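The values are calculated or read from the model by the stated rules, or taken from the named source; none is laboratory data. What you see is a predicted model; the values in this text were computed from it and never measured. Cβ atoms come from the backbone with ideal geometry, glycine included; neighbour counts cover every protein chain shown. Calculation scope for accessible area: heavy atoms of the full protein, side chains included, ligands and nucleic acids excluded. Shrake-Rupley method; radii C 1.70, N 1.55, O 1.52, S 1.80 Å.
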Amino acid sequence: MPKYKLEYLWLDGYEPVANIRGKTQIKEYDSFPELKQLPMWGFDGSSTRQAEGKSSDCMLKPVAVYPDSTKKNGVLVMCEVMQPDGKTPHVSNSRATVIDDPGAWFGFEQEYFLYKDGKPLGFPDSGFPYPQGEYYTGVGYKNVGCIAREIVDTHLDLCLDAGINHEGINSEVAKGQWEFQIFGKGSKNAADQMWVARYILMRLCEKYGVDVNWHCKPLGKDVDWNGSGMHSNFSTTHMREVGGKKYFEKLMAAFDKYKNEHIAVYGPDNHLRLTGLHETQSIDKFNYGIANRGASVRVPHSFVNNNYRGYLEDRRPNSQGDPYKIASRILQTIKTVPTK
């Protein structure tokens, strides 16, 4: 039987930002393995801030599987971290907190910087390049350099090979800044895919001597360079099929009521990014607006024109945010709003 290379991926116990980890085991299967065929696997949690050395065992529970076209018989296995009993979610297991809702749809817009030698790709050795303006969706060497597009195009192909619902890419407002988008149906699906897409990008960049900087404001608060977000588009079955202005207004009132709870899980250092400048609302305020990219929640014209039905965009999550935590908080808030 063919030998398959199973790369088990999981989130470690580092705070405030978890790292994605991976290790490989070899198993024989008649054909590409299904999720139900993949075994649980232990690891040393004392080396990932998830256990003490005197009781270090943690378990990896496969939750999603993707082909890895970079390897012969390669398999990417996204996992949840469980306690040694294999049944109890580890305290670091943010995926286990997400409400199961097959009708929940999420689309995450992941912004990031490519970094080389301690600065954004394309920055001069000292100082700054010319100001923002032409970099967003830019074309040409002066805007995107000579390797960035090769990286992002290759990443797109690898994600599509893996069956990840990668929906597009573009260069962003700042020099060396890019974005890709992931969409999924089901409350955990898009977040699973986002973490695997992040892993694929980071691994790809290794051979270019480039790092992915996920920080939401890597150039600092006091310079005129955009930060990085992970705008989160969301809808439920009720939002898409019933909706209505009254329900929408109650939903936004709930988002206002729980604004601090949202900010708490929307990524660290968000106070550096949510300043009211550079297409953001201030971190201590909540508002919404039609097509307003300076609002906490952007309301698409299509939503209003369809009798307040469809999806909304929460623009507060930042680029380091954990999509599991973001999806979990959004669904928790939505659940507080009556649908009758």
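The table for this structure:
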| quantity | calculated |
| --- | --- |
| Residue that is least open to solvent (accessible area, probe 1.4 Å) [pool: residues in region 65-91 that are more than 18 Å from G42 (Cα to Cα) and not in a strand (DSSP E or B)] | N73 |
| Output for region 317-330, where each listed residue is farther than 17 Å from I20 by Cα and open to solvent by 10 Å² or more (accessible area, probe 1.4 Å) | R329 |
| Residue selected from region 273-282 under the condition over 19 Å from P16 (Cα atoms) and in contact (Cβ under 8 Å) with a residue 24 or more places away in the chain, by the criterion least open to solvent (accessible area, probe 1.4 Å) | T280 |
| Residues located in region 290-316, provided they are assigned to a strand (DSSP E or B) and open to solvent by 10 Å² or more (accessible area, probe 1.4 Å) | I290, R298 |
| C159 being over 23 Å from L272 (Cβ atoms) and in contact with a His (Cβ under 8 Å, 6 or more places away or on another chain) | yes |
| Lone qualifier among G184, G168, G227 - being touching a residue at least 24 places away in the same chain (Cβ under 8 Å), open to solvent by 10 Å² or more (accessible area, probe 1.4 Å) and not in a helix (DSSP H, G or I) | G227 |
| From the options N260, N270, residue that is of a type outside the set (A, V, I, L, M, F, W, C) and surrounded by 13 or more Cβ atoms within 10 Å (Cβ to Cβ) | N270 |
| Qualifying positions in region 199-210 - part of a helix (DSSP H, G or I) and either open to solvent by less than 10 Å² (accessible area, probe 1.4 Å) or among the β-branched types (V, I, T) (or both) | I200, L201, C205 |
| S126 vs. criteria surrounded by 22 or more Cβ atoms within 10 Å (Cβ to Cβ) and not in a helix (DSSP H, G or I) | no |
| Scope region 243-271; condition in a loop (DSSP other than H, G, I, E, B) and closer than 18 Å to F106 by Cα; matching residues | G243, Y266, G267 |
| Extreme residue, surrounded by the fewest Cβ atoms within 10 Å (Cβ to Cβ), among residues of region 7-18 that are within 16 Å of P323 (Cα to Cα) and in contact with a strand residue (DSSP E or B) (Cβ under 7 Å, 6 or more places away or on another chain) | D12 |
| Every residue from region 133-165 that is in a loop (DSSP other than H, G, I, E, B) and open to solvent by 50 Å² or more (accessible area, probe 1.4 Å) | G133, E134, Y136, T137, V139, C146, G163, N165 |
| Pair list, Cβ under 9 Å, 6 or more apart: region 256-271 residue within 18 Å of S92 (Cα to Cα), other residue loosely packed, with under 14 Cβ neighbours inside 10 Å | G267/P16; P268/E15; P268/P16 |
| Yes/no for D222 being in a loop (DSSP other than H, G, I, E, B) and open to solvent by 10 Å² or more (accessible area, probe 1.4 Å) | yes |
| Answer from T70, T48, T24 - the residue that is hydroxyl-bearing (S, T, Y), touching a residue at least 60 places away in the same chain (Cβ under 8 Å) and closer than 23 Å to R198 by Cβ | T70 |
| Residue identified as among the aromatic types (F, W, Y) and closer than 11 Å to V81 by Cβ among F43, F32 | F43 |
| Residue count for region 95-119, restricted to those that are within 23 Å of L60 (Cβ to Cβ), out of contact with any helix residue (DSSP H, G or I) (no Cβ under 6 Å at 6 or more places or on another chain) and open to solvent by 50 Å² or more (accessible area, probe 1.4 Å) | 1 |
